[in-house]
Amino acid sequence: MKTACVRASPKFAVEDPAIDRRRFIASAAIAAAGVALAPTPRAAERDWSGRHPVRYPDPDIVVLDKRFEKYKIGNTPIQRLATGCLWAEGCAWNGVGRYLVWSDIPNNRQMRLLEEDDHVSVFRHPSGNSNGNTFDFDGRQLSCEHGNRRVVRYEHNGTTTVLADKWKDKPLNAPNDIVVHPDGGIWFTDPGYGSMMNYEGHKGELQIKEAVYRIDPKGGKMEMVADEIEKPNGICFSTDYKKLYVADTGKARDIQAWEVVDGRKLNNQRRFTDMAMPQQKVETEIGPRTVGGNGGSDGIRCDVDGNLWSAAGWVGDGYDGVHIFSPEGRRIGMILLPEICANICFGGEKRNRLFMAASQSLYAVYVETQGAHIT
């Protein structure tokens, strides 16, 4: 039986008042004696069930640069909305249906969260071990299928259209992440992770170089636009669509940037930022905290101000979560989670709710900015 993603909601219990009073007195005495020795709570230790609310401002939203202060809302928490996945990925927001879809790759399914009550259910099973998802400008869902080594579009009538499955008569490695351009072009990465083991697809040989591709909206011709980096993974456009960002999850563990030429080609590659972060102590609402480490990026998205928000992980407490970079590539803030974060997107009615697909769980937090693109 496959593990079910379940909504992470608090459960309430009523106890005898006299027992509660005795317990309170005993607990207060212990707390008074040991308060000076009590450790400061960290992201991995905090109660994510919602039974014990976090005191505002949420200390796991960390300001590294004053430019991030205006994006941190003082009276909102990071919430765990669902848990029970094996590897949560590919979150995408549907503005018309007002729902979030994301992939649980090893369980070969897509999940859906409805905005009106955060109800979670299985959306599509099997899903071809899908990873990245997005929606095009006609509201149709696009998915990168690891298991079938292809990019597909789900049509309004319920049928499935295969958009790409080969490059020069050889099978794709395992498409990973995907975005759309206003001209209708579809851009995706193909690092091959879904074919490197059976856990997220079907183990098989990678027959072509890892690369970034564009599917032309007129005729569906596919073109390779970049193959310079080792493992092209997360992908997004800048706010004005003049730049393309791609996370390299190979040895470099950085984010690369190109200029977009005529909406079709890339030029002037450069390193946008290095995901390695020197360890440092920062002040939070609950005291000093050590952050940093040599981790990596995954899914990435831009906001309306040109900042880049990156899923981050593979370090542990003080690093895993979401890192926010200024348009110049300086790390200005962090949202710390107790799990490795794989992908993110902005959603909600005002596109000001950041959804985070992180290992076994789905998280969300409201921020004082908006996603730059449709999802």
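Seen from Cys144, the other residues with C-beta closer than 12 Å to its C-beta sum to a net charge of -3, counting Lys and Arg as +1 and Asp and Glu as -1. Compute the helix-to-body angle for 17-34: its Cα long axis versus the longest principal axis of the chain, expressed 0 to 90° and rounded to tens. Between helix and principal axis, roughly 80 degrees.
Remark: relative contact order (the stretch 248-343) = 20 percent; criterion is Cα-Cα distance under 8 angstrom and separation of 6 or more residues. Of all accessible surface on the stretch 272-326 at a 1.4 Å probe, what whole percent is carbon and sulfur? That fraction is 49 percent.
Put Lys231, Lys221 in order of accessible area, highest first, and with a 1.4 Å probe you get Lys221, Lys231.
For Ala276 and Asn157, the FRET efficiency from 1/(1 + (r/R0)^6), where r spans their Cβ atoms and R0 equals 56 Å, is about 0.75.
Pairs of Cα atoms in the chain fall into 10 Å distance bins, from 0 up to the last occupied one, in shares of 5, 24, 33, 22, 9, 4, 2, 0 percent. Per-residue accessible area (protein heavy atoms, 1.4 Å probe) orders Glu228, Glu210 as Glu228, Glu210, starting from the largest. Counting only protein heavy atoms and a 1.4 Å probe, the stretch 48-174 has 43 square angstrom of accessible area per residue.
Debye-formula intensities of the stretch 311-365, expressed as log10 I(q)/I(0) at q = 0.15, 0.17, 0.26, 0.31 Å⁻¹, are -0.41, -0.52, -1.02, -1.19 (one equal scatterer per alpha-carbon, no solvent). This model, with +1 at the C-beta of Lys and Arg and -1 at the C-beta of Asp and Glu, gives the chain a dipole about its Cα centre of some 180 debye.
Pairs of Cα atoms nearer than 8 Å and 6+ residues apart set the relative contact order; for the chain it is 16 percent. Obtain the nm distance between the two label points defined at Lys221 and Ser121 by a simple spin-label model: each point lies 7 Å from its Cα along the Cα-to-C-beta direction. Placing both labels 7 Å along Cα→Cβ, they lie 4.4 nm apart. Each helix, a run of at least 4 DSSP H residues, gives -39500 (n - 2.57); summed and divided by the residues of the chain, these come to -1500 deg cm²/dmol at 222 nm.
Across the stretch 216-375, the mean sequence separation of Cα contacts (distance under 8 Å, 6 or more residues apart), normalised by length, yields a relative contact order of 15 percent.
A crude spin-label estimate for the pair Glu228 and Lys203, with each label 7 Å from Cα along the Cβ direction, gives 3.5 nm. Averaged per residue, the stretch 228-367 has 35 square angstrom of accessible surface, using a 1.4 angstrom probe with ligands and nucleic acids left out. In the stretch 120-176, carbon and sulfur make up what percent of the accessible area (probe 1.4 Å)? Of all accessible area on the stretch 120-176, carbon and sulfur atoms account for 44 percent.
Estimated from the Cβ-Cβ distance and a Förster radius of 25 angstrom, the FRET efficiency linking Trp314 and Gln370 is about 0.30. Residues His323, His373, ordered by accessible area of protein heavy atoms at a 1.4 angstrom probe radius and largest first, appear as His373, His323. The stretch between Lys251 and Lys166, if pulled fully straight at 0.36 nm per residue, gains 28.0 nm over its current Cα-Cα span.
The values are calculated or read from the model by the stated rules, or taken from the named source; none is laboratory data. Worth saying up front: this structure is predicted, and the values here are computed from it rather than measured. For neighbour counting, all protein chains shown are included, and Cβ atoms are generated from backbone atoms with ideal geometry for every residue, glycine included. Heavy atoms of the whole protein, side chains included, go into the accessibility calculation; ligands, DNA and RNA do not. Shrake-Rupley method; radii C 1.70, N 1.55, O 1.52, S 1.80 Å.
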